[in-house]
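Working notes, beginning with the structure itself.
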């Protein structure tokens with residue numbers, strides 16, 4: 001097998017031109033791509049997470065606020081234990097709730 | 001840089017035999033030396049400089065092989081005959097018929113065998129250094145070279161058989 005003489009040719013001036021290109025490229029600083037997340041200051045992360053937590057808490061409270069309730073169960077969940085004594089009007093509203101009436105005022109008796 | 005004068009052509013020819021075309025070999029060679037110049041200070045002298053240089057070139061070559069252009073090239077050229085046509089049409093290939101058959105047979109080898117064959121046969125690196133470069137055991141390197149050499153010889157024989165039958169048509 002012939003291997004002593006290389007069969008590969010290159011264009012005229014290839015090696016000289018490539019060496020110039022290599023030195024030019026090597027002299028330039030290597031590009032560092034900064035992550036957009038890393039470029040923010042660290043305290044921003046704390047602010048963002050606190051805001052998210054606050055938003056979640058507000059959302060949860062709004063969802064279970066008594067004014068949004070359509071059933072007694074929701075009202076029961078949203079009313080704190082140390083809340084004011086319900087007014088007659090509120091009490092009447094609760095008593096109209098069938099589920100409450102059946103489960104509390106008419107316990108089941110096995111006959 | 002003195003090493004560039006000494007190693008520029010060998011590294012180009014190593015990548016040329018790995019990649020099969022001038023453009024890809026030129027790009028990979030340039031990237032190799034850019035990285036070498038940039039990271040020469042991190043060279044720890046735990047291995048020979050040539051081993052380190054070839055390992056950088058090898059990685060650039062492997063990266064190029066995984067690229068779309070090389071994958072398409074190798075999809076279109078799978079047999080030694082197809083590679084022979086490729087080199088015949090290559091304006092930067094100016095070898096004899098025997099060299100054409102040899103390089104065509106080498107390009108048709110599986111990637112790992114081609115790499116070992118190129119490093120051993122063309123670059124004449126010792127098995128120990130090839131083992132260090134590729135991360136394979138010396139035994140595995142020798143086995144790869146053995147199988148590669150057999151396939152190359154088989155391909156060249158089939159070229160000769162084809163040429164013989166073409167030059168001696170049967171008499172009617």
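Return the only residue of B:60, B:45 being within 21 Å of residue B:130 (Cα to Cα) and in a helix (DSSP H, G or I).
Numbers: B:45 fails: in a helix (DSSP H, G or I).
Being within 21 Å of residue B:130 (Cα to Cα) and in a helix (DSSP H, G or I) holds for just one of B:60, B:45, which is B:60.
Sort out which residues of segment A:1-22 are at pLDDT below 90, within 7 Å of chain B (Cβ to nearest Cβ) and loosely packed, with under 15 Cβ neighbours inside 10 Å, and write them in order of number.
A:1, A:2, A:3
Just the residues that are touching a helix residue (DSSP H, G or I) at 6+ places or on another chain (Cβ under 6 Å), part of a helix (DSSP H, G or I) and facing chain A (nearest Cβ under 10 Å), please, taken from segment B:79-102. Write out each step before concluding.
Here is the first cut: in segment B:79-102, the residues touching a helix residue (DSSP H, G or I) at 6+ places or on another chain (Cβ under 6 Å) are B:80, B:83-84, B:87, B:92-93, B:100-101.
Cutting the leftovers down to part of a helix (DSSP H, G or I) gives us B:80, B:83-84, B:87, B:100-101.
Within segment B:79-102, B:87, B:100, B:101 meet the criteria.
Scan segment B:10-63 residue by residue and report those that are touching a residue at least 60 places away in the same chain (Cβ under 8 Å), farther than 23 Å from residue B:78 by Cα and either in contact with a strand residue (DSSP E or B) (Cβ under 8 Å, 6 or more places away or on another chain) or within 14 Å of chain A (Cβ to nearest Cβ) (or both).
The one that is touching a residue at least 60 places away in the same chain (Cβ under 8 Å), farther than 23 Å from residue B:78 by Cα and either in contact with a strand residue (DSSP E or B) (Cβ under 8 Å, 6 or more places away or on another chain) or within 14 Å of chain A (Cβ to nearest Cβ) (or both): B:10.
For residues in segment B:103-125 being more than 18 Å from residue B:70 (Cβ to Cβ) and buried (at least 21 other Cβ atoms within 10 Å of the Cβ), which is nearest to the other protein chains (Cβ to nearest Cβ)?
Of the residues in segment B:103-125, the ones more than 18 Å from residue B:70 (Cβ to Cβ) are B:105, B:116, B:119-125.
Next, only the ones that are buried (at least 21 other Cβ atoms within 10 Å of the Cβ) stay: B:105, B:116, B:119, B:125.
On the way: B:105: 10, B:116: 15, B:119: 13, B:125: 14 Å.
Ranking the candidates gives B:105 first.
The values are calculated or read from the model by the stated rules, or taken from the named source; none is laboratory data. The structure displayed is predicted, hence computed values, not measured ones. Glycine also receives a Cβ, built like all others from the backbone with ideal geometry; neighbour counts cover every protein chain displayed.
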